[in-house]
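S.K.: For reference, the structure I am asking about is given below.
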Amino acid sequence: MAGESTARIGLLLPEVLGTYGDSGNATVLAKRLEWRGFEAEVVEVRLGEPVPSTLDIYLLGGGEDDAQALAADHLRKYPGVRRAVANGAVVLGVCAGLQLLGTRFRGTDNVVHEGLGLLDVRTEPGEKRAVAELVATALPPLDSEPLTGFENHLGQSRLGPSSEPLGKVVRGTGNGDGTEGAVTGNVLATYLHGPVLARNPALADLLLGRMLGYPLPPLELVEVAQLRHERLTAASGRRAR
Ligand code: GLN
């Protein structure tokens, strides 16, 4: 968004891709910008509407298999996200969002669906649904703090050579092979709900830094630090103090 005054955050298809409060990721990004003196606008794109290619960040949340297939069809029909990524836009996908950003996914309908191909990821149903608190060590480009969130998915994802994992699983399932999430350039994805950006402010700031073209200094917020501490403690089975 170099030179533009207002950051435009695209919340894609929240009526089908918005489980577990994932739409809250848009609020977190807008607030973290506003707290630093930037202006931000959340642009909701709904089913049936074309997807603009001019937004700065695109957010895709989680959803059940049918909703995910519907969303993938929509985003292939209106290729705004693909075009925006070619121009350097930032994308965050969560769970169903991760799976449909990949090259292909198969759900419980047993049909192989084509994804957007923005991540080198293929997803197949696992044997058992992963429903748990998930903790992962963050890898570069986010190697500072552990990632935490809640996961609920059947799909297991395998990364090809053009994507790197976002983290290494400490507790929970993630992609299903010990890795968690995927990154290709400015397209990032994770299995973490929470919303993930409320629970992992470093990830929110990584996305914002990519959007602005320079890293943002940390924002010290007592409530956010407290929330992280509480959730990390709960995920490791201890009581928060
Ligand atoms: N439908 C996908 C799965 O179960 C994604 C679920 C989700 O987004 N929570 O694997």
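The values are calculated or read from the model by the stated rules, or taken from the named source; none is laboratory data. Bear in mind the structure is a predicted one, so any value in this text is a computation, not a measurement. Here the Cβ positions follow ideal geometry from the backbone for every residue, glycine too, while neighbour counts run over all protein chains shown. Quick note on the areas: whole protein, heavy atoms, side chains included, nothing else; ligands and nucleic acids left out. Shrake-Rupley method; radii C 1.70, N 1.55, O 1.52, S 1.80 Å.
S.K.: Over region 114-176, with the other protein chains present, what is the accessible area per residue in square angstrom, probe 1.4 angstrom? Numbers along the way, then the final one.
M.R.: Working: 2970 Å² over 63 residues.
That works out to 47 Å² for each residue.
S.K.: Right, next: Please give the net charge around Asp120, taking every other residue with its beta carbon less than 13 angstrom from that of Asp120, where Lys and Arg add +1 and Asp and Glu add -1. Mind showing how you got there, number by number?
M.R.: Numbers: positive: Arg104, Arg122, Arg158; negative: Glu164.
Combined, the nearby Lys, Arg, Asp and Glu give +2.
S.K.: Same structure, new question: Once you treat every alpha carbon in region 1-158 as an equal point and sum by Debye, what is log10 I(q)/I(0) at q = 0.11, 0.14 Å⁻¹?
M.R.: Each listed q maps to, in turn, -0.44, -0.72.
S.K.: Sort Leu212, Leu207, Leu159 by heavy-atom solvent-accessible area, probe 1.4 angstrom, most to least. Display every interim value, and only then the final one.
M.R.: Numbers: Leu212 25, Leu207 0, Leu159 50 Å².
Ranking Leu212, Leu207, Leu159 by accessible area, largest first, yields Leu159, Leu212, Leu207.
S.K.: Would you work out which of Pro218, His193, Gly237 lies farthest towards the positive end of the dipole of the chain? Charges go on Cβ: Lys and Arg +1, Asp and Glu -1.
M.R.: Gly237
S.K.: Expressed as a whole number of Å, what is the distance separating the alpha-carbon centroids of region 1-80 and region 169-200?
M.R.: Cα centres, region 169-200 to region 1-80: 18 Å.
S.K.: What 222 nm value per residue comes from the helices of the chain, counting each DSSP H run with n ≥ 4 as -39,500 (n - 2.57) and dividing by all residues, nearest 500 deg cm²/dmol?
M.R.: Numbers: 7 runs with 67 residues, N = 241.
So the calculated ellipticity at 222 nm is -8000 deg cm²/dmol.
S.K.: Given a 1.4 Å probe and the protein chains all in place, what does the accessible area of Arg171 round to, in Å² to the nearest 10?
M.R.: Approximately 120 Å² for this residue.
S.K.: I would also like to ask the following. Kirkwood Rh, region 110-241, all Cα pairs: how many Å? Working shown, then result.
M.R.: Working: mean 1/r = 0.0646 Å⁻¹.
Result for region 110-241 stands at 15.5 Å.
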